[in-house]
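Since the structure comes first, as structure tokens, the remarks are kept for the end.
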Amino acid sequence: VEDLLREFGPDRVIFSLDMKNGQPMCEPGNWSSQDPLEIARQCLSLGIRRMIVLDLASVGVGGGVAQLNLCQRLLEEDAELELITGGGVRDVTDLHTLKNAGIKGVLIASALHNGSITPQDLQTLNS
């Protein structure tokens, strides 16, 4: 992460904290902790300004955004963090919840494909 930030700068690097059932998908020992919040904190301390928080076990199941609490904690610690999340978005209500929480972007696919989020729904986010 440090090398990428040095090479490209913080405006051109997005760190993706990929998880499965809340557990980071990385080899033990790559970070000082296997706790997702601690990994994110380490990235912030290195200079990461943009981050994706994604729980792959939630993708496509429409059970709600599994990592909303983690996202909220990160934004409480660093309100300037440009945070994107995804996995489990059910409908436009979830999108409004994420927007109100300060999330800057959302990865959605299944809810668009199955019609539970429509183009008209997306227009309501700007109002």
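The values are calculated or read from the model by the stated rules, or taken from the named source; none is laboratory data. As the structure is a prediction and not an experimental result, all values here were calculated from the model. Glycine also receives a Cβ, built like all others from the backbone with ideal geometry; neighbour counts cover every protein chain displayed. Just the protein is used for accessible areas: all its heavy atoms, side chains included, with ligands, DNA and RNA removed. Shrake-Rupley method; radii C 1.70, N 1.55, O 1.52, S 1.80 Å.
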Spin-label pair Ser45/Arg12, simplified geometry with 7 Å Cα→Cβ offset, distance in nm: 2.7
Two-site label geometry, Leu75 and Ser33: point separation in nm, points 7 Å out along Cα→Cβ: 2.2
Cα long-axis angle, helix 36-46 against the chain (0 to 90 degrees, to the nearest 10): 60
Protein accessible area in the chain, 1.4 Å probe - carbon and sulfur %: 47
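Tell me the per residue accessible area of the range 29-127 using a 1.4 Å probe; a whole number in Å² is fine. List each step's numbers first, then the result.
Working: 5140 Å² over 99 residues.
Each residue of the range 29-127 exposes 52 Å² on average to a 1.4 Å probe.
Does the range 18-127 come out rounded, prolate or oblate, given a ≥ b ≥ c as the square roots of the eigenvalues of its C-alpha gyration tensor, rounded meaning a/c under 1.5 and, failing that, prolate meaning a/b above b/c?
Values: a/c = 2.81, a/b = 1.57, b/c = 1.79.
Oblate, since a/c reaches 1.5 and b/c is not below a/b.
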